[in-house]
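Participant: I am attaching a structure below and will ask some questions about it afterwards.
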Amino acid sequence: MKNIISSVFNKDNNSPEFQKLTERWDNYLSKLKDRYYEILKDAEGPLQSVIDNLQYDTVVIHNIKTGLHNQTVEQLSKKAEEGWAKMETEMHNISVSFDQIQEQHRKTDDLRQWMEWEFTVFEVTTYGRAARQILENVKKHIDDKKLHRCTQCAAELPIKIYSFMAVNIKCDSCGSVNTYQPDDRIRALEYYVLNHLAEEQAYPFKLKAKSDKNAMMDYYKTYYGFLMENVPDKAEFYKKDMEERINNPFFKNAF
């Protein structure tokens, strides 16, 4: 108890013992960083195999990502806190000041934040790779030259194969109205492919926003610009969503 109380009021401890403790602590955290990279490197081969065998959704990627986040960010952050509990006791034993102890403890928060950001980059790039695989699969199985004809007179209808919403089309020949339902695989592109590719293009601005809040505007413009270009059926919806976020301080300061 005496050492704990005295650490609050003591001046900074610059003793050799304290220097050795901080070196040990820094080395411990550095090893956790190395372990973070090691886990993701070991997962790369199996992950690529999964991506190569994807069909039309990324559900399995979500499950893998969740497991890897637990192995890296969650478990390694827990190990950092467990290591800190021992380190803090040793610092109290040599009467390290409260401010110095807090400074060293903040390194655990810095480590977790670093892992969270690094893992998000891993997540964005992984989903991007998966999205391109799914897009390739869809292109192989969708005939963009397929003719769509009126159900009444069999006249050809001006239908866009890569549409994302059901549309009613009036036949120029007989005047009847036909309802066109896009192929489910094409509809899936919006959620499983285009959203991820939009995020991949815009994410560098989100990273930049860590130090420059104005970069979030470029992030939203890039993200929604990609969707408006590639999902023209819903361009107005995405434009409205983009403008709301650009003009709302809550969203601009979200990162």
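Participant: When 1/r is averaged over all different Cα pairs and the result inverted, which Kirkwood radius in Å belongs to the chain?
Facilitator: Values: mean 1/r = 0.0441 Å⁻¹.
With all distinct Cα pairs of the chain included, I get 22.7 Å.
Participant: Below 8 Å, C-alpha to C-alpha, sequence gap of six or more: please give me the relative contact order for the chain in percent. Walk me through the intermediate numbers first.
Facilitator: Details: 245 pairs, mean separation 45.1, N = 255.
This gives 18 percent for the chain.
Participant: Something else about it: With unit charges on the beta carbon (Lys/Arg positive, Asp/Glu negative), name the residue among Trp114, Leu54, Leu21 whose Cα is farthest towards the positive pole of the charge dipole of the range 1-122.
Facilitator: Of Trp114, Leu54, Leu21, it is Leu21.
Participant: Here's another thing I want to ask about it. On a C-alpha basis, how far is the centre of the range 142-168 from the centre of the range 75-118 in Å? Whole number, if you could?
Facilitator: 62 Å
Participant: If you don't mind, there's one more thing I want to ask. Taking a point 7 angstrom from the Cα of Gln113 along the C-beta vector, which residues in the range 184-205 have backbone N less than 20 Å away?
Facilitator: Residues 204-205 qualify, since their backbone N sits under 20 Å from the label point.
Participant: Rank Leu47, Leu189, Leu147 by mean-square fluctuation in a GNM of the chain with C-alpha springs under 10 angstrom and give only the top-ranked residue.
Facilitator: In this elastic network of the chain, the residue with the biggest mean-square fluctuation among Leu47, Leu189, Leu147 is Leu147.
Participant: Once you keep just the Cα pairs under 8 angstrom separated by 6 or more residues, what percentage relative contact order results for the range 170-252?
Facilitator: Details: 57 pairs, mean separation 17.6, N = 83.
That works out to 21 percent.
Participant: At what distance in nm do the modelled label points of Asn14 and Arg35 sit from each other, each positioned 7 Å from its Cα along Cα→Cβ?
Facilitator: Here the modelled spin labels are 3.4 nm apart.
Participant: Once you keep just the Cα pairs under 8 angstrom separated by 6 or more residues, what percentage relative contact order results for the range 1-148?
Facilitator: Details: 92 pairs, mean separation 67.0, N = 148.
Relative contact order for the range 1-148 comes out at 45 percent.
Participant: With 18 Å as the cut-off, how large is the P(r) tail for the range 94-150, expressed as percent of Cα-Cα pairs?
Facilitator: Values: 1051 of 1596 pairs.
The proportion of pairs with Cα distances above 18 Å equals 66 percent.
Participant: When the convex hull of the C-alpha atoms of the range 121-255 is computed, what volume per residue in Å³ does it have?
Facilitator: Numbers: hull volume 14.3 nm³, N = 135.
Spread over its residues, the Cα hull of the range 121-255 gives 106 Å³ apiece.
Participant: What number comes out for the charge environment of Ile51, summing +1 per Lys or Arg and -1 per Asp or Glu over other residues with Cβ under 15 Å away?
Facilitator: Numbers: positive: Lys65, Arg129, Arg132; negative: Glu44, Asp52, Asp57, Glu123, Glu136, Glu200.
Combined, the nearby Lys, Arg, Asp and Glu give -3.
Participant: Taking the 0 to 90 degree range and rounding to the nearest ten, how far is the long axis of helix 195-208 tilted relative to the main principal axis of the chain, both from C-alpha atoms?
Facilitator: Tilt relative to the chain: about 40 degrees.
Participant: Let me check I've understood the local charge: for Pro204, count other residues with C-beta under 14 angstrom from its C-beta, Lys and Arg +1, Asp and Glu -1. What total comes out? All intermediate terms of the calculation are to be shown ahead of the outcome.
Facilitator: On the way: positive: Lys206, Lys208, Lys210, Lys221; negative: Glu199, Glu200, Asp212, Asp218.
Once positives and negatives cancel, what remains is 0.
Participant: Another question, if that's okay. Compute the angle between helix 59-69 and the longest alpha-carbon principal axis of the chain, please, reported from 0 to 90 degrees and rounded to the nearest 10.
Facilitator: Computed tilt is about 10 degrees.
Participant: Let me know the charge dipole size of the chain about its Cα centre in debye, to the nearest 20, where only the beta-carbon of Lys, Arg (+1) and Asp, Glu (-1) is charged. Numbers along the way, then the final one.
Facilitator: Details: 36 positive and 40 negative charges, 55 e Å.
So the dipole magnitude of the chain works out to roughly 260 debye.
Participant: Let me ask something additional. What are the extents of the Cα atoms of the range 17-169 along their three principal axes, in Å, largest first?
Facilitator: 91, 31, 17
Values in this text are rule-based calculations from the coordinates and carry no lab data. Fair warning: this is a prediction, and the values are worked out from it, not measured in the lab. Quick reminder, even Gly has a Cβ in these numbers, built from the backbone with ideal geometry, and neighbours come from all protein chains shown.
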